[in-house]
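Comments concern the structure below.
The values are calculated or read from the model by the stated rules, or taken from the named source; none is laboratory data. On a predicted model such as this, the values are computed, not experimentally measured, just so you know. Cβ coordinates were reconstructed from backbone atoms using ideal geometry, including for glycine residues, and neighbour counts include every protein chain displayed. Please note that ligands, DNA and RNA were not included when accessible areas were found on the heavy atoms of the full protein model with its side chains. Shrake-Rupley method; radii C 1.70, N 1.55, O 1.52, S 1.80 Å.
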Amino acid sequence: MVSGREPSTWTAAELVADSVAGIAGAAARSVIVHGSLATGGFRRGRSDIDLLAVVAGGLTDPQAAALADVVRHAGLGAAAGLELHVVTARAAGTASRAPALELYLGRHRRTPAELEVERRVAASPDLMTELSMALAGGCALAGAPPAEVIAPVPAEWVIDRGRHWLTVWRSLTDDTEHAAFMVLTTCRIWRYAVERVHCSKPEAAAWALDRDPSLTVVRQALHQYEDDPATAVSESGLAELLDRVLSG
């Protein structure tokens, strides 16, 4: 199923956003849903709920603990997981190659009791891309719209960060567990570099195949992502795709 507003998951995102805003209280500026749920590439059981919260000042330790409890116990609807980034209004409103991250919480359905947690990271280069995506395709579930709280991020910065990861992955093509992720994210990076468009993994795969139907590795990764987790992704095909995008 492809639906940007998959009902049960959209409701789950709204409930989490309300809880985040309530915990942040008067400091809450915006809670934004972005990624596939907001832009229309959501896949039941495959896609996550992506939320970005913008707060004035920082979070207290009790607030951070309360947010962790919300993410740990939240209903997910049809989503595979939940990711919440919290940034200060200053970090969101000032373009930076490595903005400060106040809090990150990541949960996957298989292990709901276990959270990935990052707290008060002074410089987070990947957060720049997260902010760019939230500005481009996000929807405020609480507070101000994205354009009022997020400063535009220069496209060249986003492209440079994408090329960083392509270079890293070039030495990891034998990582079968993450091969499909690398292929589909490479397609997303490729499309953004060419068209300055953020999109979901399936949309990026379709775009890449439209450009070059011979990209078998993209078909393999998409099939693994959407239909059969046992589908093998060619190591040599991944290497060739990375080289092609890097050479562009």
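Considering only residues of the stretch 155-179 that are closer than 13 Å to S236 by Cα and either at pLDDT below 95 or not in a loop (DSSP other than H, G, I, E, B) (or both), which is farthest from the chain's Cα centre (by Cα)?
We begin by selecting, within the stretch 155-179, every residue closer than 13 Å to S236 by Cα; these are 169-176, 179.
Applying the additional criterion that residues be either at pLDDT below 95 or not in a loop (DSSP other than H, G, I, E, B) (or both) yields 169, 176, 179.
Values: W169: 18, T176: 21, A179: 17 Å.
Out of the qualifying residues, it is T176.
Listed by first and then second residue, the pairs with beta-carbon distance under 6 Å, at least 6 apart or on different chains, first residue in the stretch 223-248 and closer than 18 Å to A193 by Cα, second surrounded by fewer than 19 Cβ atoms within 10 Å (Cβ to Cβ), are L242/R170.
Out of T185, T167, T176, T216, report the one residue that is open to solvent by less than 30 Å² (accessible area, probe 1.4 Å) and among the polar types (S, T, N, Q).
Only one candidate passes the filter, namely T185.
Can you confirm whether the stretch 140-148 contains a residue that is assigned to a helix (DSSP H, G or I), touching a residue at least 12 places away in the same chain (Cβ under 8 Å), among the small types (G, A, S) and over 21 Å from L37 (Cβ atoms)?
no
The numbered conditions (1) closer than 15 Å to V16 by Cβ; (2) touching a Ser or Thr at 6+ places or on another chain (Cβ under 9 Å); (3) free of Cβ contacts under 8 Å to residues at least 60 places away in the same chain; (4) not hydrophobic (A, V, I, L, M, F, W, C) are all true for G77 except (3).
So that you can scan it fast, the table gives a plain yes or no per residue for (1) within 12 Å of L131 (Cβ to Cβ); (2) modelled with pLDDT of 95 or more; (3) within 18 Å of the chain's Cα centre (by Cα):
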position: V70; (1), (2), (3): no, yes, no
position: R90; (1), (2), (3): no, yes, no
position: L103; (1), (2), (3): no, yes, yes
position: P112; (1), (2), (3): no, no, no
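Check whether at least one residue in the stretch 122-129 is among the aliphatic types (A, V, I, L, M) and not in a loop (DSSP other than H, G, I, E, B), and report yes or no. Yes: one or more hits.
Conditions tested, residue by residue: (1) free of Cβ contacts under 8 Å to residues at least 40 places away in the same chain; (2) in contact with a Pro (Cβ under 9 Å, 6 or more places away or on another chain); (3) open to solvent by less than 70 Å² (accessible area, probe 1.4 Å); (4) more than 24 Å from A65 (Cα to Cα).
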position	(1), (2), (3), (4)
E116	yes, no, no, no
A123	yes, yes, yes, no
M133	no, no, yes, yes
G138	no, yes, yes, yes
A151	no, no, yes, yes
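Condition check: within 16 Å of the chain's Cα centre (by Cα), part of a loop (DSSP other than H, G, I, E, B) and hydrophobic (A, V, I, L, M, F, W, C). Does A134 satisfy that? Spelling it out, it is not the case that A134 is within 16 Å of the chain's Cα centre (by Cα), part of a loop (DSSP other than H, G, I, E, B) and hydrophobic (A, V, I, L, M, F, W, C).
A quick yes/no check of all residues on (1) farther than 18 Å from G143 by Cα; (2) of a type in the set (G, A, S); (3) in contact with a strand residue (DSSP E or B) (Cβ under 6 Å, 6 or more places away or on another chain):
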residue	(1), (2), (3)
E6	yes, no, no
T9	yes, no, no
A24	no, yes, yes
R29	no, no, yes
G35	yes, yes, yes
A66	yes, yes, no
V70	yes, no, no
V87	no, no, yes
A92	no, yes, yes
